[in-house]
Every structure is written in C-alpha cells, then in structure tokens.
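Each remark here refers to the structure printed beneath this line.
The values are calculated or read from the model by the stated rules, or taken from the named source; none is laboratory data. Just so we're clear, the structure is a prediction, and the values are computed from it rather than from any experiment. Methodologically, a virtual Cβ is constructed for each residue, glycine included, from the backbone with ideal geometry; neighbour enumeration extends over all protein chains shown. These area figures cover heavy atoms from the full protein model, side chains too; ligands, DNA and RNA do not enter into them. Shrake-Rupley method; radii C 1.70, N 1.55, O 1.52, S 1.80 Å.
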There are 2 protein chains.
Amino acid sequence: MRRPDTVILAHGGGGRASAELVEKAFLPSLGNKFLAPLSDGAILPPLEGRLAFSTDSYVIDPIFFPGGDIGSLAIHGTVNDLSMCGATPVYLSAGFILEEGFPMADLKRIADSMGEAARESGVTVVTGDTKVVARGGADKIFINTAGIGVLPEGVNIAATRVREGDRIILSGTLGDHGTSVLIKRKGLKFDSPVESDSRPLNGLVREMLDAEPDIHMMRDPTRGGLAAVLNEVARAAGVGMVIEETAIPVNGNVAAVCELLGIDVLHVANEGKMVAFVPEASAERVLSVMKTHTFGRDAAIIGMVGGTSAGRVEMKTSFIGNRIIEPLAGEQLPRIC
Amino acid sequence: MRRPDTVILAHGGGGRASAELVEKAFLPSLGNKFLAPLSDGAILPPLEGRLAFSTDSYVIDPIFFPGGDIGSLAIHGTVNDLSMCGATPVYLSAGFILEEGFPMADLKRIADSMGEAARESGVTVVTGDTKVVARGGADKIFINTAGIGVLPEGVNIAATRVREGDRIILSGTLGDHGTSVLIKRKGLKFDSPVESDSRPLNGLVREMLDAEPDIHMMRDPTRGGLAAVLNEVARAAGVGMVIEETAIPVNGNVAAVCELLGIDVLHVANEGKMVAFVPEASAERVLSVMKTHTFGRDAAIIGMVGGTSAGRVEMKTSFIGNRIIEPLAGEQLPRIC
C-alpha cells in the first residue's frame, strides 16, 4: 500500500508529485524570490569581483546527530568551503537524492534545519533538484550543495603562500564532530554529551580578514582532520612545521572518548573549526579578533611554520619529545560528512 | 582481499587515497588551471552581468547506455538547464558519490566522457568532491553537477512571459533518450538501434537568441517529457495551447518501441531537445536558424498558444480529434536521468 507520509518514486518523476514535494517539503523552509519560479535554474543579479565556487556531497550516517543533522551540515560545509577560499558565501544550490520510503517528516525536519542554517549563515538556497531511487538504491538521503561566493579585493588564500615563520592558528577545540557521530553510531553511553561543532565560519573569517587581509592560507579540518590539513599544506608549500600538543584545545569528553576508542584526535573530522596560516607580525592581532567571536573563543596559536625539514609535520609532545604527524593512509570513519 | 582496481572506502576519506583517486581518475580527463590547486573551492575571474545558477543530480540506471553515459549526461544536463535560462554556461562543479567496489576502469571511462562533453560544450569543471559509501549504501555511482552561466542583456526567459499567439517550437525528435534507456534496461533486442539524444544545447540556444533575443520561454523536456513542460508552462502563464500530433517529429524506431510497450512518447524523457515559445512575428526566422544547426535540423513548429481554455493543453490528432494532454501523475521510468 502506498503510504503518503513517505517519499515515493513519483516524487522524483518530474510531474505533479515532484511539484507537490517541492511545495510541501522544501518551499516552506527554503522558499525565496530566486527559488520561487521553480525553473531550470535561478537568475541572479550581477556579482562584483572574483568568485569562489565550491561543491560537496553529504552522505553522513546517522542523518541526525547531537548538535546537527545532514541538512545543517550541508549548509555549513559549503559555507565553510567558500569561507576557506576567503570568499563571502552568497548563493547555494541543493540537490537531494532520496531513497523511496524515506519518511516525509524527516525530510521536512531536514529542510527546516537547512533553512535555519542558511539564515544563520546569511546565504540563500536559490536552486535545487530532487531525485528518488528505489528502496535499497541509496541509504536514506544524500544532499549535495554547491555555493557561489564573492572574493574581496586583496585577499589571496593559497597553500603555496605559506612561509617560514607563519603562525598556525586553530579556531577552537578539535574532534567534536567526529566524536559525536561515532558515539551516536556505536550507540555508546557517556555521562557528559559530546555535540558536533557543525557551524558556519563565514562571520569569523570576515572579521579575521578585516584584521589582516594578507592571511596566507585557511582550511577547515573536516575528513582526515588536522593531520591531513597540515600535511597537505606542508607538501603544497614545500615547508616543514612544528605544532605543540599542549597548545591544541580539546574538550575533556572528546579526549576521553578518543582515548577509550584508541583514536587520534588529530585525525578526527571537524565541521566548525579552521586552521589559519598567518604572518608572524599580525598573528596575535588576528588571534585576539578571533577570541572575541563566539565561534573562535577557544582559538589558539598551536605552532609555526619552519623548524623541521620541508614537507614534514612534527608535534612537540609533553612526554616523548617530537613525533611526526602523518595523514591517515586509510579511512578512519566512513560517512562522517 | 583489497582489489586495487576498484573504489575503496579510503578513497573518500580525505587523506592520501582520496588525493590519489583525484590525481589518477579525474585530473587526466578534467584537469585545468582552476581545478589544479585542489583546494576547498575554485577561485574564478569576475563575470559580467546577471548570472544563472543550476544544479542536478544524476542517478541514471544503467550508467552506460547507447549514445552516452552518466558522465556525459551530467555535463549535458546542467549545460542545458543553464541554456534554458538563456544563459551561456561557463563553469561546472562535479560531486561524486561512489559505491565501494565500483570498478576504477568504469570511473575513468565516465571521467573521460565528462571531459569530452565539457570540451564539446565549452564549459570547465572547476571544482569537485568525492564521497564513498559502503557496498549497498548507494547504487554504483551518482553524480551531481552545478553550473554557473552568464545571462546576456535583453534576454528574459520566463514561463510567465508566454502570450497568446506564441509559436511552440520543438528542436527535434521526441523520446530518443528515454526509449534507448528503456531498451537497454529491459534487455530488449531490435534490428535498428535507438540512441540517446544526450547533447549540449548551448550552441543552438546562442544562435536562437542572436536571431530573436525576445524568446519568451525555453525548457528542455527531460523527466515527464513534453507533456510535463507544456502543462507547467500553461499553468504558470495562465494560457491554453494546442499542438498538432502530425507536426511532432519522432524517429520511426522510437515510435515503434513506444507503441510496442504502450508508452506515450509525450511522456518520455529527452536530454538533447528543447521547446521554445517564440513571438509569432519571429517564429519562422528562429525556426530557420535552428534548422541550420546540427542539433536543430529536425526542428518544427508543433503548435501555438491559445485556442483553448487557460491551463489546458490540447493535441489535434489525425484520428480522434482533439485530446487533452496531461502530465503523468506517477513515475513512468525511474532513474531515467
């Protein structure tokens, strides 16, 4: 029997049912003047200056987790990717792949969460698409967002600009997102909850670039964690870098869970944190600006570029001296974002 | 045993294996100066004028079909969506969701096909993302593309601009894509092959708009076919329209297959065809321009706006007089694009 409270194949057929799905599930949360014509694409007013363009597909499992869901993550993730280019995110697209039988109530909850995240981030979802695949053809829901941002003059973010002496600033505690998802997925119970850090970073980045337009490089340590980002930058820039373990902020609960499960927090995914490579002269200024922002209040200088051979990332530890930080060869946690 | 010739979970982990996948599978076919930095997003030079922004996810099954594959389709589909806005497509993003175990040779073949389609369409894939889900979490491969186009001054495509007297021009034969996929999926054998019409329409559209910038509306009849497009426009514009069955070009093999399977060709998906609503005075001029283009050589005026009540689409048939054309309520053919 057809259950009208779940997604059916006809919702992806391009006919009446598709139009109804859009009108009922998406427009109440995401509607705006650009999306309203529901045509093949959105017509947008001219944008001044260089553009940034980014895309990410979100396949996270579970789709609801402490501190967020696949909908808010799909907004934050692409807002943050544009922000890491130094751009001001403006417009987003949203492409949904739904499994037949997906509960309509969950879809509405996700659309609401996307709408709220978009409003908080100051971006507008202007165009979209929905496909439905038969039961078993996909796992519940996948969301792709692509985003367009505008790049301010004088901003030039690139790994190749990182120089010896640059200070490495981390915007806050490490490992919250990946740990929260892992706890939820494994059904573990802890006294103190761990929440995902899924957040939009564009406001924080704007203030950082106002304080120092010449920030050399920014990157959000998502899949692969901080270890992956530092190693990528070290390789791309042909520099070495040394970070200090004691300088890296980690929530107590996160540290405990990571130790319990034998996971290195440097490899855990984050969705509301960033690493910036800032010229030595302005590092303290940028740090103090960050600390006044809600999403940067735990920011810290965790190390600097130089002090070891090119391409290498070392960490000063409190016990065993320096150790080399390497990216994971494999996959720590599939479907973390 | 790990088979290195298939996609593994680590390819989506954001670490070394992910970088290798991009370098081996994607960059040879899709590499360019914007994609090269492999950062969180692409930095693009300023674009003049209004923009068009569109997205589509492609979940077609089978992924290889006569006349194309999911890769070429993912390029053509978004190029065409931008073209239907009247825009010149410029930049595309590509987001891949891969099932663990997907053959690397197939992925390379699809990337090659995307590269070729992008070159033929004159667009550049400037940013991308790859996620891998465990076996059974997705069916082989899904691709999302989003695209940015530039809208020429004076062009204003909207369903609400359609007026009584507008001529309805179809750019070529109907039903080739959907029929070819259906034949392949059902394993049917016919003496004469049916090939998908998957094609980029931006070149054709450019010439049409050069001949008549005031084209009122354009739409490519993909999911839901011609019937869906005409009904949407009739409803949005508050007009009726009448088309003539004998004026609609259909390949003989496609007509035969549709008759055999009891399918109405008006509901079958197309991927290289368009419908244009053109002012009466310039319709013949636009038609003759279309006929000189390879992708418009079978173009025909298939009807006109007016002649029946608002919101209604009628077709003059050769046998039974006028019949009402309605959109499908359900889904004719899941995963057709």
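The number of residues in segment B:18-37 that are touching a residue at least 12 places away in the same chain (Cβ under 8 Å) and touching a Gly at 6+ places or on another chain (Cβ under 9 Å) comes to 8. Summed over segment A:105-149, residues that are open to solvent by less than 10 Å² (accessible area, probe 1.4 Å) and of a type in the set (Lys, Arg) total 1.
Candidates B:165, B:203: the one that is more than 14 Å from every other protein chain (Cβ to nearest Cβ), touching a strand residue (DSSP E or B) at 6+ places or on another chain (Cβ under 8 Å) and modelled with pLDDT of 95 or more is B:165.
Among the residues of segment A:129-141, those that are touching a helix residue (DSSP H, G or I) at 6+ places or on another chain (Cβ under 8 Å), facing another protein chain (nearest Cβ under 9 Å) and not charged (D, E, K, R) comprise A:130, A:132, A:133, A:134. No other residue among A:285, A:335, A:323, A:297 is in contact (Cβ under 8 Å) with a residue 12 or more places away in the chain and more than 26 Å from residue A:180 (Cβ to Cβ) apart from A:285. Residues in segment A:1-49 that are under 30 Å from residue A:156 (Cβ atoms) and out of contact with any strand residue (DSSP E or B) (no Cβ under 6 Å at 6 or more places or on another chain): A:45, A:46, A:48.
Go through the residues of segment B:38-54 one by one and say whether even a single one is in contact with a Leu (Cβ under 7 Å, 6 or more places away or on another chain), under 15 Å from residue B:111 (Cβ atoms) and not charged (D, E, K, R). No, every residue in segment B:38-54 fails to be in contact with a Leu (Cβ under 7 Å, 6 or more places away or on another chain), under 15 Å from residue B:111 (Cβ atoms) and not charged (D, E, K, R). Which one is most open to solvent (accessible area, probe 1.4 Å), of the residues in segment A:207-222 that are farther than 26 Å from residue A:193 by Cβ, within 19 Å of the chain's Cα centre (by Cα) and within 14 Å of another protein chain (Cβ to nearest Cβ)? Among those residues, the one meeting the criterion is A:219.
The residues of segment A:290-322 that are modelled with pLDDT under 95 and either under 18 Å from residue A:228 (Cβ atoms) or not polar (S, T, N, Q) (or both), listed by number, are A:319, A:320, A:321. Between B:175, B:187, the distinction of being more than 14 Å from chain A (Cβ to nearest Cβ) and modelled with pLDDT under 95 belongs to B:187 only.
Residue-level analysis places residue A:192 outside the set of residues that are open to solvent by less than 10 Å² (accessible area, probe 1.4 Å), among the hydroxyl-bearing types (Ser, Thr, Tyr), in contact (Cβ under 8 Å) with a residue 24 or more places away in the chain and over 28 Å from residue A:306 (Cα atoms).
Among residues that are under 30 Å from residue A:11 (Cβ atoms) and either in the same structural domain as residue B:288 (by TED's automatic domain parsing) or more than 18 Å from the chain's Cα centre (by Cα) (or both), residue B:162 is included. Within segment B:99-128, being in a helix (DSSP H, G or I) and either at the interface with another protein chain (Cβ under 10 Å from one of its Cβ atoms) or of a type in the set (Val, Ile, Thr) (or both) holds for one residue alone: B:110.
All of (1) away from every other protein chain (no Cβ under 14 Å); (2) on the phi > 0 side of the Ramachandran plot; (3) open to solvent by less than 20 Å² (accessible area, probe 1.4 Å) hold for residue A:225 with one exception: (1). Scanning segment B:166-186 for residues that are of a type outside the set (A, V, I, L, M, F, W, C), under 21 Å from residue B:59 (Cα atoms) and open to solvent by less than 50 Å² (accessible area, probe 1.4 Å) yields B:175, B:176, B:177, B:178, B:179, B:180. Checked against the criterion of being assigned to a helix (DSSP H, G or I) and within 14 Å of chain B (Cβ to nearest Cβ), segment A:238-252 contains not a single residue that satisfies it.
Of the helices (runs of 4 or more DSSP H) lying entirely inside segment B:1-98, those containing at least 2 residues that are facing chain A (nearest Cβ under 8 Å) and either open to solvent by 10 Å² or more (accessible area, probe 1.4 Å) or at positive phi (or both) span B:16-21.
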